[in-house]
Amino acid sequence: MQENNIYEYAVIRLVPKVEREEFFNIGLIMFSKKAKYICVKFYVCPDKFRLMHSKLDYEDIIQNITNFQKIANGDKGGGPIAQLEIPERFRWLTAVRSSVIQTSRPHPGKSKDLDKTFGKLFEELVK
C-alpha cells in the first residue's frame, strides 16, 4: 500500500512588466522532502506571450526557464545552486523576487502518487 506523501508546489509565472504585476502561469514546481522528489515542467504559450505586448524576447525567456529547470533537477549546468539538496533548491527557486520569472507562494498537499498529482496540477494551473 502506498502512503501519502506531503508535498509542496508553486506555480511558475511570467511577469513581462514587473511594475504592472501582470502575469500568466507558465509552469509548475513540486517537491516532497520525504520522497526525495522534485519535478518541474513549463509551457510558455507563444500566443499568450505575444498578447502581453512585452519587449521581452521569447527565446530569452525559454532559456531562463530552462536554467530554472536545470537548477530544480540538480543538473551540473545549473551552477552551484543546482548542487544543493532538493529542499534547498526548492526554497531558492520559490523565494520572493522581482523578476520576470516568479513563483507563487508554495502550497502544501498530500498524495499517494506524486507524478499523477503533478500532472493534474499542471493541467489545471498551467495549460
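The table that follows gives values for the structure above.
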item: Residues (in contact with an Asp or Glu (Cβ under 6 Å, 6 or more places away or on another chain) and more than 28 Å from Glu19 (Cα to Cα)) located in the stretch 90-125; result: Pro108
item: Pairs, first in contact (Cβ under 8 Å) with a residue 24 or more places away in the chain and surrounded by 12 or more Cβ atoms within 10 Å (Cβ to Cβ) in the stretch 52-79, second of a type outside the set (Lys, Arg) and assigned to a loop (DSSP other than H, G, I, E, B), C-beta under 7 Å, six or more apart; result: Leu56/Val100; Ile61/Val44; Ile65/Val44
item: In the stretch 85-123, the residues that are out of contact with any helix residue (DSSP H, G or I) (no Cβ under 7 Å at 6 or more places or on another chain) and free of Cβ contacts under 8 Å to residues at least 24 places away in the same chain; result: Glu85, Glu88, Arg91, Ala95, Val96, Arg97, Lys116, Gly119, Lys120, Glu123
item: Matching residues in the stretch 39-73 - criterion: being within 22 Å of Pro106 (Cβ to Cβ) and in contact with a Lys or Arg (Cβ under 7 Å, 6 or more places away or on another chain); result: Tyr43, Ile71, Ala72
item: Only one of Val96, Val11, Val100 that is among the hydrophobic types (A, V, I, L, M, F, W, C), in contact with a strand residue (DSSP E or B) (Cβ under 9 Å, 6 or more places away or on another chain) and surrounded by fewer than 15 Cβ atoms within 10 Å (Cβ to Cβ); result: Val96
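Read-outs: derived from the displayed coordinates by stated rules, not from any lab. These figures come from a predicted structure and were not determined experimentally. We place every Cβ from the backbone using ideal geometry, glycine too, and count neighbours over all the protein chains shown.
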